Amino acid sequence: QVRLVESGGGLAQAGGSLRLSCTGPGRSFVGWFRQAPGKEREFVAGMSWKGINIYYSDSVKGRFTVTRDNAKRTVYLQMNSLKPEDTAVYYCAAAEMLGGGGHTAPAEYDYWGQGTQVTVSS
């Protein structure tokens, strides 16, 4: 059983930055998702265990960066140039093996963290 714990959420002003951390993933692909009120959970960014495969959604590309420190069993999401539309609960998730749904499909992930709130004010 893998237990994921997110931290680092909070309140930021538009144009500001926050860094989220996800502790616990082992040798798995880790994805960051977010869910705003009334909306479906959407893929934000993801990285394979060795960092060879890295993906971003179009909405965050160029602003967010995903990294991982496997020695610390931690994956980070650095969020810069934040916008009010980035406001959501952010989740990290781990997939032991991605299937046909690909890295953007929540159903492909085996473990989820509890989520951390990110609020961006205008």
How high is the relative contact order of the chain? Use alpha-carbon pairs under 8 Å, at least six apart in sequence, and give a whole percent.
35
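So for TYR55, TYR91, what's the accessible-area order with a 1.4 Å probe, most first? Mind dumping the intermediate values first?
Values: TYR55 80, TYR91 35 Å².
Result of the area sort, largest leading: TYR55, TYR91.
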How about LYS39: which lysines have a C-alpha closer than 18 Å to its C-alpha, ignoring those fewer than 8 places off in the same chain?
LYS83
Mind checking the per residue accessible area of segment 18-110 for me, 1.4 Å probe, whole number of Å²?
50
Reachable lysines, given that their alpha-carbon falls under 23 Å from the alpha-carbon of LYS50 and they are not under 8 places away in the same chain
LYS61, LYS72
Distance-filtered residues of segment 3-21 - backbone nitrogen under 20 Å, label point 7 angstrom along THR119 Cα→Cβ:
6-21
Using modelled backbone amide H atoms (1.01 Å from N, in-plane), which distant-in-sequence or interchain residues come within less than 5 Å of VAL44's amide H?
TRP32, PHE33, ARG34
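Considering only protein heavy atoms and a probe of 1.4 Å, how much of the accessible area of segment 1-83 is carbon and sulfur, as a whole percent?
Roughly 46 percent, rounded to a whole number.
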Given the options ALA107, ALA93, ALA36, which has the most mean-square fluctuation in a GNM of the chain, springs set between C-alpha atoms less than 10 angstrom apart?
ALA107
Candidates GLY51, GLY16, GLY38, ranked by Gaussian network fluctuation over the chain, Cα under 10 Å, top entry
GLY38
In the full protein assembly as shown, how much of MET47 is accessible to a 1.4 Å probe, in Å² to the nearest 10?
10
Rounded Å value of the spacing that divides the Cα centres of segment 1-56 and segment 86-110
9
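The values are calculated or read from the model by the stated rules, or taken from the named source; none is laboratory data. Everything numeric in this text was worked out from a predicted model, so none of it was measured. Cβ: placed from backbone, ideal geometry, glycine included. Neighbour counts: every protein chain shown. Just the protein is used for accessible areas: all its heavy atoms, side chains included, with ligands, DNA and RNA removed. Shrake-Rupley method; radii C 1.70, N 1.55, O 1.52, S 1.80 Å.
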